[in-house]
Amino acid sequence: MTGVGGTTTERSIRAGEDIPVEIPRVPAREAAQDELSDPMYHEHGPNLLQRGLGRFWDWVGGLFDGLAGSAPGGPLGLVVVALAVIGLTAALWWRLGTPQRTVRAAESLFGGSARSTEEHRAAADAHAAAHRWTQAVQERVRALVRSLEERAVLDPRPGRTADEAATEAGRLLPAHAVRLGAAARIFDDVTYGGRAADEAAYTKVRALDLDLETAKPLLPAGPLTGAAG
């Protein structure tokens, strides 16, 4: 039997007005996500590009923090390693020269010039005296090939490349075939590969040119003569 005020349960319900409702976890999370997806919650927040940049710089910062932690000496050690890499790169760039984007096809050794052996040698000596080693190497290789043509070791042929001259001369002068091939590679490297020659390269080519002056080519075998019958 209840009194005028009702039971204790009834009084607590009337006092709270609402009955608490328990919602399962998954539907509650989905409902919260739907609510937070409303654009009104993000109109003053960073846009997609800003969020992407923020994540990128966070990644870069984490990368450098990891490198600094693993490098000997921490951040200072990382700076020292970076400076060493930069110095090594600069040294290689200075030694090998500026790389070309594309390697040009081999062109004629003489490029249309009609100089004599002595004219090429004089030009090579002038470049060498001025420490222009690349031009000196080019003129000295041209001099030794022109000398072989003037001595009839090689047939004069317009458009001949350094590699072709070295291959043909190497067959007739086998004792110098390796050095001829090396001279042709030096010529190609400095002419088409963008590399800079040095004094040592010029000295090698000049010595080969002088040695070829007294080299005796192999004579081609003549036709066999049959015995008279």
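The values are calculated or read from the model by the stated rules, or taken from the named source; none is laboratory data. In this text, all values refer to a predicted model and were calculated from it rather than measured experimentally. Cβ sites come from the backbone with ideal geometry, for glycine too, and all protein chains shown count toward neighbours. Keep in mind that these areas ignore ligands, DNA and RNA; they rest on the heavy atoms of the full protein, side chains included. Shrake-Rupley method; radii C 1.70, N 1.55, O 1.52, S 1.80 Å.
Quick rundown of the values:
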{"item": "Leading residue by the ranking (nearest to L208 (Cα to Cα)) among those in segment 162-183 that are within 29 Å of the chain's Cα centre (by Cα) and not hydrophobic (A, V, I, L, M, F, W, C)", "result": "R179"}
{"item": "Test: residue in segment 208-225 that is within 33 Å of the chain's Cα centre (by Cα), at pLDDT 95 or above and over 20 Å from A122 (Cβ atoms)", "result": "no"}
{"item": "Boolean, A215 is over 21 Å from F110 (Cα atoms), touching a residue at least 40 places away in the same chain (Cβ under 8 Å) and either open to solvent by 50 Å² or more (accessible area, probe 1.4 Å) or not in a helix (DSSP H, G or I) (or both)", "result": "yes"}
{"item": "A196 vs. criteria modelled with pLDDT of 90 or more, part of a helix (DSSP H, G or I) and open to solvent by 20 Å² or more (accessible area, probe 1.4 Å)", "result": "no"}
{"item": "Unique residue being out of contact with any Phe, Trp or Tyr (no Cβ under 8 Å at 6 or more places or on another chain), farther than 28 Å from A91 by Cα and open to solvent by 60 Å² or more (accessible area, probe 1.4 Å) when the list is A169, A152, A123, A207", "result": "A152"}
{"item": "Criterion (in contact with a His (Cβ under 6 Å, 6 or more places away or on another chain) and crowded, with 19+ Cβ neighbours inside 10 Å) met by exactly one of A143, A162", "result": "A143"}
